[in-house]
Every structure is written in C-alpha cells, then in structure tokens.
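Participant: Have a look at the structure that comes next, please.
The values are calculated or read from the model by the stated rules, or taken from the named source; none is laboratory data. All figures in this text were calculated on a predicted structure; none of them were measured in a lab. Neighbour counts are summed over all protein chains in view; Cβ atoms, including those assigned to glycine, are modelled from backbone coordinates with ideal geometry. Surface accessibility is based on the protein's heavy atoms, side chains included, excluding ligands, DNA and RNA. Shrake-Rupley method; radii C 1.70, N 1.55, O 1.52, S 1.80 Å.
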Amino acid sequence: AQARVLRLEGSSASALSKAVAYCRTQRSIARLMGRGITGCFSKAQLEKYKKALQFVAACAQAAQDNLSAQPLDSYSSSIHALLCATSPDEPLARANAFYDLMDALIPIL
C-alpha cells in the first residue's frame, strides 16, 4: 500500500484522480479486516497492517482536504474523464467508477 501511495504522490494525476485512488486503496486494505483475513496475521503483520491503514487514511484525508479547497465545478472535466474511462459495454466497471468517485467526493460535499 505504501509503495502504491508513494507512486501516486509523485505522479502528475489530477487531484481528483489521486483522491479516488487513495480511497480505493483504503477500501481494499480495509477489506482484509472485513473478510477476517487479519485474524490470521502475526503480531508484526498486524502492526504493519494497522500502520498502512493509518498512512493511507491520512493520505486520503489530505487529498479530500485538497479537493475541498476548490469549487466542485473546477473538477467537472476530471469527473467526466473518470466516469468515461471505462467502456460503455462494461456496466459493472462504470458502476464501480461511479462508486469510487463518490467515495472521494461525499466527504467534501
């Protein structure tokens, strides 16, 4: 997770794209706990997991703070690009893109 976040911080992606990616990463890490997988972790692995979860949550919060500093209209082209990046023939992919976008936007609305 930390390697993914560090790659994202150095990228030239839009602020909205970064926020969506951080939220996606945060959700995928949290899914491990939801599925009970963390119950199989050793003490060291659990500590590493908790630190990664906190790190990604802080990055997601910073990205959302960055988004809230500007009016939502300024992101209309980024929103359109994120929603249209998937093929119209793939309704599940389009739905996932929508929900990923909402994960990033709802806290700032």
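Participant: Cβ-Cβ under 7 Å, sequence separation 6+ or interchain: first residue in region 27-53 and over 19 Å from D103 (Cα atoms) and without any contact (Cβ under 8 Å) to a residue 40 or more places away in the chain, partner open to solvent by 50 Å² or more (accessible area, probe 1.4 Å) and not aliphatic (A, V, I, L, M). Which pairs?
Facilitator: Final answer for the pair search is Y49/F41.
Participant: With (1) of a type in the set (D, E); (2) over 14 Å from the mean Cα position of the chain (by Cα); (3) surrounded by 13 or more Cβ atoms within 10 Å (Cβ to Cβ) as the list, and D103 as the residue in question, which single condition is left unmet?
Facilitator: Here D103 meets the rest and fails (2).
Participant: Looking at the structure I just gave you, is R27 open to solvent by 60 Å² or more (accessible area, probe 1.4 Å), in contact with a helix residue (DSSP H, G or I) (Cβ under 9 Å, 6 or more places away or on another chain) and at pLDDT 85 or above?
Facilitator: Yes; evaluated as a whole, the condition is true for this residue.
Participant: For the condition part of a helix (DSSP H, G or I), under 27 Å from A15 (Cβ atoms) and modelled with pLDDT of 85 or more, what is the one hit in L46, L101, L92, L83?
Facilitator: L101
Participant: Is it true that I108 is at pLDDT 85 or above and surrounded by 11 or more Cβ atoms within 10 Å (Cβ to Cβ)?
Facilitator: No.
Participant: Next question. Could you list, in sequence order, the residues of region 15-68 that are charged (D, E, K, R) and under 19 Å from I79 (Cα atoms)?
Facilitator: The answer is K18, R24, D65.
Participant: Is it the case that region 81-91 has a residue that's more than 18 Å from L109 (Cα to Cα), acidic (D, E) and open to solvent by 70 Å² or more (accessible area, probe 1.4 Å)?
Facilitator: The answer is yes, given that some residue of region 81-91 is more than 18 Å from L109 (Cα to Cα), acidic (D, E) and open to solvent by 70 Å² or more (accessible area, probe 1.4 Å).
Participant: Looking only at region 45-66, filter to residues that are closer than 15 Å to A3 by Cα and not small (G, A, S); which one of those is surrounded by the fewest Cβ atoms within 10 Å (Cβ to Cβ)?
Facilitator: Q54
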